[in-house]
Amino acid sequence: MRGPMTISASILNADFARLGDEVRRADAGGSDSVHLDVMDGHFVDNLTFGPVVAAAIRPHSTLPFHTHLMITHPLAYAERFARAGSDLVIFHVEADDDPDAVIDAIVAAGRRPGIALNPETDASVVLPYLARVDLLLVMTVNPGWGGQAFMPEVMPKLRELRAEVDRRGLSLEIGVDGGINLDTIGDARDSGGEVMVVGSALYSTDGDLAPTVAALRDAALRDAALRAERSAERT
């Protein structure tokens, strides 16, 4: 059963010269978690940061840190990011390492495991691992760069995965990552998403993030109400 919606602030679009302040801004603005995009320049065509940076910003918030490993060999780094203060470590099913081995390493490090899949990856690829993870992250952009446009063509896959999670009675959350803003959050929520990863729609705002976070929550609720109303009219 789908749980409440939460907002995860992606610092990929934050000011890297003042990441501690940006994490505090997400916390004070009412975000529910902080999303750390880790890229290796190989799995995706971009580089971000490593465990040292994650550890440096950890003291700036008590919010859960979700570390998203967009890297070819997550097995080599899962424990390092766990030690750096990540509460949940997400890796890609498309990475080179065996998914079960990566999950084992994250659990052994005392952290919660998550698994992500890219827009072109079929839903069936992650089905064997759903019972072993705490978060399934559905990408609605091709990973590597912030500010990309939401891909609505991923929504049928999201709905398929939502139905499978509910059918099996699993307790994992489903996250949606990529292009989430006031115009798209309702579709992502209605299709089964719970953890909304928001980057540019948050950090394009100066100062207090609370109004933006509140507007995102309101947009999701408003769109859900409109869809329910339209569905009732059709019946």
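The values are calculated or read from the model by the stated rules, or taken from the named source; none is laboratory data. Since the model is a prediction, treat every value here as computed from it, not as a measurement. All Cβ positions, glycine included, derive from the backbone under ideal geometry; neighbour counts span all protein chains shown.
Across the range 193-232, the number of residues qualifying as at pLDDT below 90 and surrounded by 12 or more Cβ atoms within 10 Å (Cβ to Cβ) comes to 6.
Residues that are among the hydrophobic types (A, V, I, L, M, F, W, C), surrounded by 15 or more Cβ atoms within 10 Å (Cβ to Cβ) and in a helix (DSSP H, G or I) within the range 13-23 comprise LEU19, VAL23, listed in sequence order. Take the residues in the range 27-36 that are surrounded by fewer than 23 Cβ atoms within 10 Å (Cβ to Cβ) and either without any contact (Cβ under 8 Å) to a residue 60 or more places away in the chain or of a type in the set (D, E, K, R) (or both); name whichever of them is nearest to GLY192 (Cα to Cα). So the residue we want is ASP32.
A single member of ASP96, ASP122, ASP134 is under 16 Å from the mean Cα position of the chain (by Cα), more than 19 Å from THR184 (Cβ to Cβ) and among the charged types (D, E, K, R), and it is ASP134.
Table: residues versus (1) modelled with pLDDT of 95 or more; (2) within 24 Å of ILE174 (Cα to Cα); (3) crowded, with 22+ Cβ neighbours inside 10 Å.
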{"position": "GLY3", "(1), (2), (3)": "no, yes, no"}
{"position": "ILE11", "(1), (2), (3)": "yes, yes, yes"}
{"position": "ARG25", "(1), (2), (3)": "yes, no, yes"}
{"position": "VAL38", "(1), (2), (3)": "yes, yes, yes"}
{"position": "VAL52", "(1), (2), (3)": "yes, no, no"}
{"position": "ALA56", "(1), (2), (3)": "yes, no, no"}
{"position": "THR62", "(1), (2), (3)": "yes, yes, no"}
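Scanning the range 131-175 for residues that are more than 26 Å from THR72 (Cβ to Cβ) and touching a Lys or Arg at 6+ places or on another chain (Cβ under 9 Å) gives ARG162, VAL165, ASP166.
Considering only residues that are among the small types (Gly, Ala, Ser) and surrounded by fewer than 20 Cβ atoms within 10 Å (Cβ to Cβ), which ones fall in the range 138-185? GLY144, GLY146, GLY147, ALA149, ALA163, GLY169, SER171 - these are the residues of the range 138-185 that are among the small types (Gly, Ala, Ser) and surrounded by fewer than 20 Cβ atoms within 10 Å (Cβ to Cβ).
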